[in-house]
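Everything below concerns the one structure shown next.
Readers should treat all values here as calculations from the given coordinates under stated rules, not as data from a laboratory. Note that this is a predicted model, so its numbers are computed, not measured. Methodologically, a virtual Cβ is constructed for each residue, glycine included, from the backbone with ideal geometry; neighbour enumeration extends over all protein chains shown.
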Amino acid sequence: MSTLYTRRTVLRGMSLLSLGLLAGCDDSSKLSFKYGKDLSDKIMGRTFKLKDAQGETKMLTSYRGLMPMVFFGFTQCPAVCPTTLARAAQAKKLMGRDGEKLQVIFITLDPERDTPQMLDAYVKSFDPSFEALHGSLEETAETAKEFGVFFEKIPSGSSYTLSHTATSFVFDSRGNLRLGLSASLTAQECADDLLTVMEVC
């Protein structure tokens with residue numbers, strides 16, 4: 001962990017010196033990730049408008065200065081969703097103080113059953129800083145499409161479950177999409193790639 005932190009610090013220092021200590025990010029920078037998928041050339045998720053548990057409208061720009069990690073799911077998800085949120089909480093800890101910049105955003109694909117209060121309690125059981133967003137059925141479908149996220153209802157007895165894309169989408173602090181993390185990665189692998197995002201911004 002200390003090695004990763006030192007590497008990030010040194011690279012940031014060199015970058016600042018080369019730029020004459022000018023602040024800002026190079027939006028065109030191509031990053032080299034060890035485990036996740038580089039999404040720097042994709043334009044996704046920039047215009048969503050959803051609500052948090054307090055009913056406040058949130059957009060990507062609401063998280064400027066942080067490193068948003070967006071994941072789609074639902075509270076009754078049996079495995080992938082809780083595993084992914086638990087992994088995100090662990091990765092945040094592995095990042096040390098840099099983890100304070102990571103903002104996990106859980107977007108429900110099941111607004112019919114996931115109430116704002118239920119969503120808030122669900123995500124905060126993994127980490128108090130995590131946020132959950134919701135919208136109408138139409139807003140949910142539109143946001144999922146904007147991210148290229150697939151989801152569909154699967155009948156299950158008298159109810160249903162959902163099949164959905166399990167990728168976590170990571171933006172830098174300027175709102176540029178950078179990284180896609182698959183559900184198969186470990187918390188340490190995620191932390192390594194998240195620190196790489198922080199090297200550029």
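Here are the numbers:
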{"read-out": "Centre separation in Å (Cα based) which lies between the range 184-199 and the range 70-140", "value": "18"}
{"read-out": "FRET efficiency estimate (nearest 0.05) - Cβ-Cβ, S158 to S182, R0 45 angstrom", "value": "0.85"}
{"read-out": "The chain: angle of helix 137-147 to the longest principal axis, Cα-based, in degrees nearest 10", "value": "30"}
{"read-out": "Within the chain, helix-based [θ] at 222 nm, where runs of 4 or more DSSP H residues each add -39,500 (n - 2.57), nearest 500", "value": "-10500 deg cm²/dmol"}
{"read-out": "Lysines with Cα under 21 Å of K37, excluding same-chain neighbours fewer than 8 positions away", "value": "K92, K101, K145"}
{"read-out": "Lys, Arg +1 and Asp, Glu -1 on Cβ, resulting dipole of the chain about Cα centre, debye, nearest 20", "value": "520"}
{"read-out": "Order by protection proxy (mean Cβ within 10 Å, highest first), peptides 69-80, 144-155", "value": "69-80, 144-155"}
{"read-out": "In degrees, nearest ten, helix 80-94 long axis to first principal axis of the chain (Cα)", "value": "30"}
{"read-out": "Charge-dipole axis of the range 78-141 as Lys and Arg at +1 and Asp and Glu at -1 on Cβ define it, positive-most pick from Q90, L133, T115", "value": "Q90"}
{"read-out": "Rough spin-label spacing in nm, given labels placed 7 Å along Cα→Cβ, for E146 and S32", "value": "3.4"}
{"read-out": "Mean projected area (nm²) of the alpha-carbon convex hull when the chain is viewed from all directions", "value": "11.1"}
{"read-out": "Exposure proxy ranking, count of Cβ atoms within 10 Å, fewest first, for R174, R97", "value": "R97, R174"}
